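Report on the structure given below.
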Amino acid sequence: MLHGIGQLFGSLLGLIIVVVIVVFVLANSLFVVKQQHAVIIERLGKFNRIVGAGFHAKIPIIDRKAATVSLRTMKNGFDIDAKTEDNVTIGLEVSAQYHVSYEMGSGPADSGVYKSYYMLQQPVAQMRDFITDALRSSIPVYTLDEVFAKKDDIAKDVNATVSEQMAAYGFTLVSTLITRIALPAEVEDSMNQINAAQRTKAAAQDLAEADRIRRVTEAKAEAEAMEKAGEGIANQRKAIAIGIKDSLETIQETGVGNDEANQLFMFTQWAEMMTEFAKTGKSSTVVLPADFTQTASMFEQMVAATETHEQANVPAPRA
């Protein structure tokens, strides 16, 4: 009885040992590689193969997963100091995007995955050194203003240079961006003062131009107004002349002579002038002749003054 129990226990123990060994073997033989990743398999410490995404198997103990390499694009930022052509030390914030090269080459040893793992111990640090060296060689040929204006072109040139260097180590440099240019405090203050002065100058020029346009516009408007006023005065005088002519013709049709008609017309005008003068109320004193019988002498003086003025305007006869 006891002998049977011992045999059963021994069988179960053996079965358990076999199951554990099988599980161990399977756990170390089968593995899954995620998407956008590659696994380097070494056999007895020597490179054997590269496997991509999917389900794979390896020989336990003999084969091992040396490294899992990500094929996704990665990003790193660097802070770099450089000096411009006009001796201004600036700080550059640089962002680099890169990934392990997808090239397989003629053999596994020529692939990007192989090179990225076996050829460079610290690829990110090495890439930073390459970018720093390229920038410090490029920036000194540009002035500070040119660095701001051409930072994208500078970044493209650096990216092209470093891409060739990193390709030898199995990396592809996708892009290099200069995301920020930091200036010394005193330089930044000076640039702000220069920009403020330029804006003040531009504003003064704009104000002067606006004032000039306003003056020209006002002058044109004034000239047009004077022209219209002159036309109005001319039309008024023309209408007055026509009215005087019609009035004299009407008086002459009654049989009155020319001289008498002129005197009568002038008297009428004088009477109307005095009437309007009285209506305005702008003067408190009006001088009138003490004896209205002297009105005729006033006419004679007005006619005499008119004749004198006309004779003065007549040119003297030639000898």
Can you work out ³J(HN,Hα) from phi for every residue in region 140-155, in order, using Karplus 6.51 cos²θ - 1.76 cosθ + 1.60 and θ = phi - 60°, giving whole Hz and x for Gly and Pro? x, 8, 10, 6, 4, 5, 5, 4, 5, 6, 10, 4, 5, 5, 4, 5
Over the heavy atoms of Tyr98, what accessible area does a 1.4 Å probe trace out, to the nearest 10 Å²? 10 Å²
Residues meeting the amide H criterion for Ser175 (H placed from the backbone, H to H distance under 5 Å, 5 or more places apart or on another chain) are Gln97
What percent of all Cα-Cα pairs in region 114-169 falls in each 5 Å bin, counting up from 0? 4, 19, 25, 20, 13, 10, 6, 3, 1
Which lysines, on any chain, are close to Lys151 with Cα under 17 Å apart, when same-chain ones fewer than 8 places away are left out? Lys83
Accessible area per residue in Å² at 1.4 Å probe, computed on region 172-220: 75 Å²
List the lysines whose alpha-carbon lies under 23 Å from that of Lys220, not counting same-chain residues fewer than 8 positions away? Lys228
Kindly write out, for region 12-20 in residue order, the coupling ³J(HN,Hα) from the Karplus curve 6.51 cos²θ - 1.76 cosθ + 1.60 (θ = phi - 60°), rounded to whole Hz, with x marking Gly and Pro. 5, 5, x, 4, 5, 5, 4, 4, 5
Enumerate the lysines that Lys46 could reach by cross-link, defined here as Cα to Cα under 26 Å, with residues fewer than 8 away along the same chain left out. Lys34, Lys58, Lys65, Lys115
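For region 93-241, give the percent of accessible area contributed by carbon and sulfur heavy atoms, probe 1.4 Å, rounded to a whole number.
Details: 5160 of 9680 Å².
Carbon plus sulfur share of accessible area: 53 percent.
Using a 1.4 angstrom probe on the protein heavy atoms only, line up Val100, Val187 by accessible area, largest first. Intermediate values should be presented prior to the final figure.
Numbers: Val100 5, Val187 30 Å².
These residues rank, largest area first, as Val187, Val100.
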Distance histogram for region 59-143 (every C-alpha pair counted, 10 angstrom bins, percent rounded to whole numbers): 14, 34, 26, 16, 7, 2, 1
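The values are calculated or read from the model by the stated rules, or taken from the named source; none is laboratory data. Note that the structure is a prediction, hence the values are computed from the model and not measured. All accessible areas refer to the heavy atoms of the entire protein, side chains included, with ligands and DNA or RNA removed. Shrake-Rupley method; radii C 1.70, N 1.55, O 1.52, S 1.80 Å.
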